[in-house]
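I have placed the structure first, in the form of structure tokens, so that the comments after it can refer back to it.
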Amino acid sequence: MDDKKLKKMLCEFNITIDDLKQTAACVRYDIEQGLKNKPTSLKMLKSYIGLPSGAETGEYLALDFGGTNLRVVLVRLDGNGKYSIIKKIVKPLKVPGVYDFIGAQAKAEDLFDFIAGIIAEVIDGDKKKKYFLGHTFSFPSSQTNIYNARLITWTKEFATSGVEGHVVNDLLKEALIRQGFGNVEPIAVINDTVAVLLAAAYKSSDTYISSIYATGHNTCYFETYQGSDGKPMIINLEIGGFNKLVVNEYDNRLNADSELPDQQRMEKMVSGRYIGELFTYCMQDLFAAVGKIHFSSIDLSAILNDEETELPVIRKLIIERIGVEITRQEAENIKKLAAVIVSRSAHIVAASFCGVLWHIFPENIPAHNIVIDGSVFEKMPLVTDNMYRTLNEILGDESANVRLVLENGGSVLGAAVAAAMNK
Ligand code: GLC
């Protein structure tokens, strides 16, 4: 293992507090540019939905489409922030060697037929009863109302043909009709960040910012449009596309090899889909590894969780993946590398939250919950602590008012709430 290279890498992934303050300021600037329809790295997509009252009731189908697993759930909203899950089916969109609905060879029709099939299973093949469906579709889409989200571009390395440029609910409706389920009516489509905000707001008020920190990363907030003629509504920032960050050679290599070079630059530095890749590029360099080696964000988590003195988990992982025996000290250094990659991710995400907070609360920041869903936030070691550290470094005393709150399963509940708000 090349120790000199490792030292250099640790420096390259280090991010200074000045850089982070700059990130926060640029995020705020880009939001405000976007609101004036001026050039910005943020897509600032209108959701055509505001915040729920919490009194929404009824039975709805919720479709959560945006990560490796597809979820279809029948949800009953009871009002007062209460709900129950009546039936739920989760299936992967890709099973290596069996099927793949998200790769470049996959076609829209097959993908949506697969989804319609799962919806049919959830409603036990019922072709009579009327079902309203809320759809959490977690990709950048341009909307002119709550129904017609048109996919701008795939992200997170999805590549199914025939979906970009199309209204996804139309594709879904056509598939439902092909299978005789015209009784299922998609009536609302929202981004997953929006779903999480709706889910949190359904249960309690005073929540204006939500984020997904998982396979992908993105943030939305409730925009009041004070002083302009816009209607208050939730704005999906598509913050994964923010591009004013200091990048290093590994970021650039990953970017060049990705499905969409030069897009989603922030997402490629922070989200679960990519932080394992960054680590992989580093490991290839450190071990001059020939052949294909790969580490995922789950491996990063295992590395960071190895607390035993001799670091057996890390050493075993390196033997398995690279075929090299390493010393305890080398394992320690590998752990440091995993730590800087993960910490940088957490610092950047928290800095971006500061930019959103400054936009919403230009005077001073009141007690406020930022709700977050996603496995990186929920499970990755070092993330929460480093996020709070950055909030503190950027916001000073005001950071005591900001709480980062896990909102588990918001994509499903939010879809049902969106359907109820638009029935
Ligand atoms: C990607 C998508 C975005 C989504 C996020 C989290 O960034 O572009 O729409 O919210 O992943 O799933």
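Annotation: peptides 239-251, 362-374, 75-87, 407-419, ranked by per-residue average of other Cβ atoms within 10 Å with the highest first, follow the order 407-419, 239-251, 362-374, 75-87.
Computed from backbone phi with θ = phi - 60° and the Karplus coefficients 6.51, -1.76 and 1.60, the 3J(HN,Hα) list for segment 372-387 is 9, 10, x, 5, 5, 5, 6, 10, 6, x, 6, 5, 4, 4, 5, 5 Hz; x is used for glycine and proline.
Based on Cα contacts under 8 Å between residues 6+ apart, segment 295-423 shows a relative contact order of 24 percent.
Within the shell of other residues whose beta carbon sits under 14 angstrom from the beta carbon of N169, the net charge comes to -1, with Lys and Arg scored +1 and Asp and Glu -1. Between N401 and D78, full extension at 0.36 nm per residue minus the direct alpha carbon distance yields a gain of 113.2 nm. Seen from F353, the other residues with C-beta closer than 12 Å to its C-beta sum to a net charge of +2, counting Lys and Arg as +1 and Asp and Glu as -1.
Computed from phi, the 3J(HN,Hα) profile of segment 8-25 under the Karplus parametrisation 6.51, -1.76, 1.60 (θ = phi - 60°) reads 5, 4, 4, 5, 5, 8, 6, 10, 8, 5, 5, 4, 5, 5, 4, 4, 4, 5 Hz, with x in place of Gly and Pro. Only helices enter the 222 nm calculation for the chain: every DSSP H run of n ≥ 4 contributes -39,500 (n - 2.57), and dividing by all residues gives -13500 deg cm²/dmol, rounded to 500. Three principal axis extents describe the C-alpha atoms of the chain; from largest down they are 66, 55, 38 Å. The three principal axes of the Cα atoms in segment 57-190 give end-to-end lengths of 41, 34, 26 Å, sorted in falling order.
Pairs exceeding 21 Å between alpha-carbon atoms, taken from K38/K268; K4/K335; K36/K231: K38/K268. For segment 356-397, applying the loop criterion from DSSP together with a ceiling of 14 other beta carbons within 10 Å to the chymotrypsin sites (Phe, Trp or Tyr not before Pro) yields no site. Phi angles across segment 257-270 convert, under the Karplus curve 6.51 cos²θ - 1.76 cosθ + 1.60 with θ = phi - 60°, into 3J(HN,Hα) values of 8, 7, 4, 10, x, 6, 10, 6, 5, 5, 4, 6, 9, 10 Hz, Gly and Pro given as x. Packing-based ranking of 164-170, 275-281 yields 275-281, 164-170, ordered from highest to lowest mean Cβ neighbour count within 10 Å.
Taking amide hydrogens as placed 1.01 Å from N in the peptide plane, the amide H of I372 sits under 5 Å from those of S211, V405, L406, E407, each at least 5 positions away in sequence or on another chain. What is the Cα centroid distance between segment 1-80 and segment 358-423, reported in whole angstrom? Taking the Cα centre of segment 358-423 as reference, the centre of segment 1-80 is 10 Å away. Listed by chain and number, the aspartates and glutamates whose alpha-carbon sits under 19 Å from that of K203, ignoring those within fewer than 8 places in the same chain, are E56, E59, D78, D192, D373, E407.
We did not get these values from a lab; they are worked out from the coordinates using the rules stated. Please read these numbers as outputs of a predicted model, since none were measured by experiment. All Cβ positions, even for glycine, are placed from backbone atoms using ideal geometry, and neighbour counts span all protein chains on display.
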